[in-house]
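Reading through the structure tokens given below for one structure.
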Amino acid sequence: MLNLIVAYIPAICIGISLGLIGGGGSILAVPVLVYVMEVPAKSAIAMSLVIVGVVSLIGVIPHWQQGNVNFKTAALFTPTAMLGAYIGARIAALPVITPNIQLVSFAVMMLIAAFLMIRKGTSKTSNEPEMVPELEHHDQYQLLAISAEGLGVGLLTGFVGIGGGFMIIPALVLLGKTPMKEAVGTSLIVIAFKSVAGFLGYVGHVSIDWNLMMSFTVAASLGTILGAYLTNLVDGKQLEKVFGSFVAAVAVFILLQVYIGLA
């Protein structure tokens with residue numbers, strides 16, 4: 001019982017961070033499940049995909065209400081991202097892929113995400129992102145590039161259980177010519193659907209603690225709603241800097257745990 005309470009606190013914090021900074025918080029779901037709840041790594045990654053997917057879908061709501069979701073671009077990016085996530089999950093479920101391989105890969109992606117968060121948090125540029133003119137039509141090259149990017153990001157999602165917003169948003173802006181504000185909201189749709197596809201790739205191949213997964217998801221979802229209401233009270237850039245540093249520290253902790261386990 002105490003373990004559940006201890007786990008729900010970071011679950012709520014994960015949701016709050018997602019509501020406050022629009023992403024990144026869900027990347028902590030795997031470490032909490034593995035090192036707090038003692039869930040096997042493969043199972044934790046599979047379960048985290050549901051958590052990531054649900055909180056991302058909830059996170060879409062305020063963006064949609066503000067008109068900052070481009071469903072057309074999401075429809076272009078999502079199918080290959082879902083395919084990639086399913087394939088990545090099936091690869092990860094293979095016996096040859098050990099939990100340590102997944103955890104090290106996950107930690108590396110955490111470090112990359114942390115670096116981008118810290119850089120964004122320390123940027124002296126305006127909080128308003130630069131807008132990129134939207135094109136009415138996508139040429140063949142753009143469609144292929146968007147599809148390839150979606151497939152690649154999806155593979156990472158399925159393999160290590162990350163949402164990948166830090167890769168999706170630049171792709172939507174640069175390849176999809178989507179304005180930055182729309183890219184953030186649109187990326188959450190992509191993350192939600194490809195997370196579901198990745199989870200389906202694990203089902204039947206790893207054990208799933210359904211009760212823990214659903215209760216953790218509910219707690220994170222409540223945190224997301226709370227975080228959305230706190231956005232006007234917290235300096236988002238400063239929060240990203242602090243949170244990025246914390247994510248980096250957790251990544252180092254994971255790498256140390258893997259090293260100690262191998263020693």
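Just so you know, all these numbers are worked out from the coordinates, no wet-lab data involved. What you see is a predicted model, and the numbers here were worked out from it, not measured in a lab. When we count neighbours, we look across all protein chains shown, and the Cβ atoms used for this are built from the backbone with ideal geometry, even at glycine.
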Assertion target for Met167, Met82, Met47, Met180, ordered by fewest C-beta neighbours within 10 angstrom first, is Met180, Met167, Met82, Met47
Here is the link list: Lys72/Lys194; Lys72/Lys177; Lys120/Lys181; Lys72/Lys241; Lys120/Lys177; Lys42/Lys194. Which ones come out longer than 23 Å on Cα distance? Lys72/Lys241
Pair-distance profile P(r), taking every C-alpha pair of the stretch 2-262, with 10 angstrom steps and integer %: 8, 32, 38, 18, 3, 0
